[in-house]
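Laboratory data are not the source of any read-out in this text; all were calculated from the coordinates shown. What you are looking at is a predicted structure, and each value in this text was computed from that prediction instead of being measured. As a convention, Cβ positions derive from the backbone with ideal geometry for all residues, glycine included, and neighbour counts pool all protein chains shown.
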Amino acid sequence: MRKSLVSVAFGFVLLIVGTVLSNLITSLNESKPSYNNNTLTSVHVKEVRNNSNNIEIERSGKLKSTNRINVMSEVQGTKKKSTGKSFKEGETFFKGETLIEINSDEFNSIVKQSRSELKNLIASVLPDIKIDYNENFNQWKKYFDDFSVENPISAMPKSSSEKESLFLVGRGIESTYYKVKNLEERLSKFKIRAPFDGVLVNGNISDGAYIIPNLKLGEFIDPNNFELSVNIPVEHVEKIKLNQSVSVISDSNNEIFGTVKRINRKVDESTQTVKLFIEFNNKSLFEGKFIEVRIPMGIIPNSQLISRSLLINDSYVYVANSENKISKTYVVPVFYNKKDVIVTGLKNGSRLITTNVSDIYEGMKIKVVVK
């Protein structure tokens, strides 16, 4: 009997002790943490001042010369020895200068023979012209006297009547004339001239090399005018206008600007982008150079530009409230670029937290450091 009473009493004591310990632990968990200003997390804040922010996208690509030609020959023969500039890459030529010349001695003889045939035909008809078409004789006589087989032929005198025209056709004057003109045109192709001021970026044809028709001899470009093609999202196309200015993002202090010249109206189905063509006229640029450009697309009023790293779930940012505690504020991201985002919804005067703090939470007590 006594043992039973002792067991009951012992169990009752254990129950009381357990209850006391449970209440103590619960009390400790519910107690609010105390802060010491010397151990508070320091954060940098930026006072918000909303203003108008430019919408800009950044794109990159390689420059390509706007004026570019492949130097090709339409005739065959051996390359003549250069008497001036060599046909080597890096050589500059002015408009009209000879890029390359092919030996034309044999063909030139054929042209002279054809001119001589035409002159003989004209000589044979001069007596008839004097008798039947005397009013036009002096013009034909002067044309004959000025005719030289060494020089390109000039335009024939105009017929004074239909009868005279038929007479000349019947004697083969007209057909021979156009035959000579055709040969002279082909003779001119033995000398390839620069169509504009530029530089040879590819070409290494040595003197005496045999050239065949349609063989690519080199590449000739304008070194001052370039074009850059970039892809932009189709939803931004309407914000870009023709002839608007585009700036180059450069490490140097030189400011380089281009102009939007063309906008393709076909959408790339795989990327849903549209190709934009930007033209540059600048001597400091080079063919094939990789550049990055900034394309303006308007402004967003009453907005704030912040780092993308400060955005939480694309909808919130942390701010410091009047009690120096963390608060979350809802914002609307309007435009993203590489590092930043333009948002609306922040009130002027609010203190935006610009420090990335680990384990940050709403209501957290902080020490504010103003930038």
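Couple of notes before you dig in:
- For the chain, modelled as a GNM whose springs connect Cα atoms under 10 angstrom apart, the maximal fluctuation among Lys338, Lys64, Lys241 occurs at Lys338.
- Among Thr98, Thr176, Thr259, the residue with the largest mean-square fluctuation in a Gaussian network model of the chain, with springs joining Cα atoms closer than 10 Å, is Thr176.
- Measuring r between the beta carbons of Lys95 and Glu292 and using R0 = 41 Å, the FRET efficiency lands at 0.80.
- Here the chain is assigned +1 on the Cβ of each Lys and Arg and -1 on the Cβ of each Asp and Glu. Its dipole about the Cα centre then comes out at about 1620 debye.
- Taking the longest Cα principal axis of the chain as reference, the axis of helix 2-30 is set at about 40 degrees.
- With the convex hull drawn over the C-alpha atoms of the range 77-204, the volume per residue is 126 Å³.
- Greater than 20 Å apart at Cα, pairs in Lys64/Lys338; Lys158/Lys189; Lys158/Lys191; Lys64/Lys261: Lys64/Lys338; Lys158/Lys189; Lys158/Lys191
- Compared with the dominant Cα axis of the chain, that is its longest principal axis, helix 173-188 is turned about 40°.
- The range 156-209 versus the range 299-351: alpha-carbon centroid distance in Å: 72 Å
- The range 262-347: GluC sites (Glu not before Pro) falling in loop per DSSP and having at most 16 other Cβ within 10 Å: Glu269, Glu287, Glu323
- Compared with the dominant Cα axis of the chain, that is its longest principal axis, helix 105-132 is turned about 50°.
- For the range 223-242, backbone nitrogen atoms closer than 16 Å to the point 7 Å from Lys283 Cα along Cα-to-C-beta are found at 223-226.
- All other residues whose Cβ lies under 12 angstrom from that of Leu285 are scored, Lys and Arg at +1 and Asp and Glu at -1, for a net of 0.
- Paramagnetic reach from Thr78 (point 7 Å along Cα→Cβ, amide N under 12 Å) across the range 168-210: 207-210
- In straight-distance terms, cross-link reach from Lys347 covers every one of the lysines whose alpha-carbon lies under 23 Å from its own, apart from those fewer than eight places away in the same chain; here that gives Lys46, Lys325, Lys328, Lys339, Lys365, Lys367, Lys371.
- Structure remark: mean-square fluctuation, Gaussian network model of the chain, C-alpha springs under 10 Å; the largest value among Ser160, Ser60, Ser327 belongs to Ser160.
- Each label was represented as a point 7 Å from its Cα along the Cα-to-Cβ direction; for Ala209 and Tyr330 these points are 7.2 nm apart.
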